[in-house]
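Novice: Sending over a structure as structure tokens; questions will come in a sec.
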Amino acid sequence: MLSDYIKKKERWDGMKNYWHIHHDVLMELSNNIRKRRADIKYNKPYNEIAIRLKLLRPVKGKLPKIYLKAEKAYINAQKTSTATYKIYLKSTQTNDTIINNANKISFFKALKNLQNKKYNLNKTRKIYNDKIEALHKKECPKCAWNGHTMFPKKINLV
């Protein structure tokens, strides 16, 4: 449901890039890495926990400025879509159809903008992928990342 999606996206302040939040994504944004670490400890296969926790670390080097600009635009679009959704939800509690419809339109425009910013971020990511990968190799020299996963072959740490 759409409201569940927005609720999950409510906190966008303090976002930072991390390597290997998930096994099949090299770099992602997070503002609550402690929650992800706990999820790994309690919900991932035993033989993956140590390597996941070891590789999960903040990006320390400089990312390309254009990429960071696209990322910031995406975060701001997330904040806007969340804010307009909250306004729309409040307006549904009134009997004013005109205000309700106006707020609904604003929300859907914000969602469209969010989709565009996500597309631009992904496009920028592809353009600067070589630089991001080079930074990753510098910061995670012994990482088994193969461009698709941190587990290119079956590992057994037991």
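Novice: Can you tell me which residue among LYS112, LYS117 is surrounded by fewer than 13 Cβ atoms within 10 Å (Cβ to Cβ), within 27 Å of LEU68 (Cα to Cα) and of a type outside the set (S, T, N, Q)?
Specialist: Within the list LYS112, LYS117, the selection yields LYS112.
Novice: Further question on the same structure: For the condition more than 30 Å from ASN47 (Cβ to Cβ), surrounded by 12 or more Cβ atoms within 10 Å (Cβ to Cβ) and hydroxyl-bearing (Ser, Thr, Tyr), what is the one hit in THR97, THR84?
Specialist: THR84
Novice: Return yes or no: is LEU114 closer than 26 Å to LYS62 by Cα and either touching a helix residue (DSSP H, G or I) at 6+ places or on another chain (Cβ under 9 Å) or in the same structural domain as LYS54 (by TED's automatic domain parsing) (or both)?
Specialist: yes
Novice: Of all residues in region 17-75 being free of Cβ contacts under 8 Å to residues at least 40 places away in the same chain and polar (S, T, N, Q), which is surrounded by the most Cβ atoms within 10 Å (Cβ to Cβ)?
Specialist: So, considering only residues that are free of Cβ contacts under 8 Å to residues at least 40 places away in the same chain and polar (S, T, N, Q), the one surrounded by the most Cβ atoms within 10 Å (Cβ to Cβ) is SER30.
Novice: If LYS118 meets every condition in (1) more than 25 Å from ASP24 (Cβ to Cβ); (2) in a helix (DSSP H, G or I); (3) not hydroxyl-bearing (Ser, Thr, Tyr) apart from one, which number is that one?
Specialist: All conditions are met except number (1).
Novice: Please tell me if LEU111 is under 19 Å from ILE127 (Cα atoms), under 21 Å from the mean Cα position of the chain (by Cα) and part of a helix (DSSP H, G or I).
Specialist: It is false that LEU111 is under 19 Å from ILE127 (Cα atoms), under 21 Å from the mean Cα position of the chain (by Cα) and part of a helix (DSSP H, G or I).
Novice: Another question, if that's okay. Here is a list of conditions, (1) in contact with a Ser or Thr (Cβ under 8 Å, 6 or more places away or on another chain); (2) at pLDDT below 95; (3) within 15 Å of GLU28 (Cβ to Cβ), and THR149 meets all of them except one; can you say which number that is?
Specialist: (1)
Novice: If you don't mind, there's one more thing I want to ask. Report, by residue number, each residue of region 42-92 that is within 19 Å of the chain's Cα centre (by Cα) and under 17 Å from CYS140 (Cα atoms).
Specialist: Correct list: ARG52, LEU53, LEU55, LEU56, ARG57, PRO58, VAL59, LYS60, GLY61, LYS62, LEU63.
Novice: Give me the residue from region 37-91 that is over 21 Å from MET27 (Cβ atoms) and polar (S, T, N, Q) and, out of that set, modelled with the highest pLDDT.
Specialist: The residue in question is ASN43.
Novice: Related question: Is it the case that some residue within region 131-151 is surrounded by 16 or more Cβ atoms within 10 Å (Cβ to Cβ), touching a Gly at 6+ places or on another chain (Cβ under 6 Å), touching a residue at least 60 places away in the same chain (Cβ under 8 Å) and not β-branched (Val, Ile, Thr)?
Specialist: The answer is yes, given that some residue of region 131-151 is surrounded by 16 or more Cβ atoms within 10 Å (Cβ to Cβ), touching a Gly at 6+ places or on another chain (Cβ under 6 Å), touching a residue at least 60 places away in the same chain (Cβ under 8 Å) and not β-branched (Val, Ile, Thr).
Novice: Within region 23-53, which residues are assigned to a loop (DSSP other than H, G, I, E, B) and under 24 Å from ASN146 (Cα atoms)?
Specialist: HIS23, ASP24, LYS44, PRO45
The values are calculated or read from the model by the stated rules, or taken from the named source; none is laboratory data. Small disclaimer: the values here were computed from a predicted structure and weren't measured. Backbone-built Cβ (ideal geometry, glycine too); neighbour counts: all protein chains shown.
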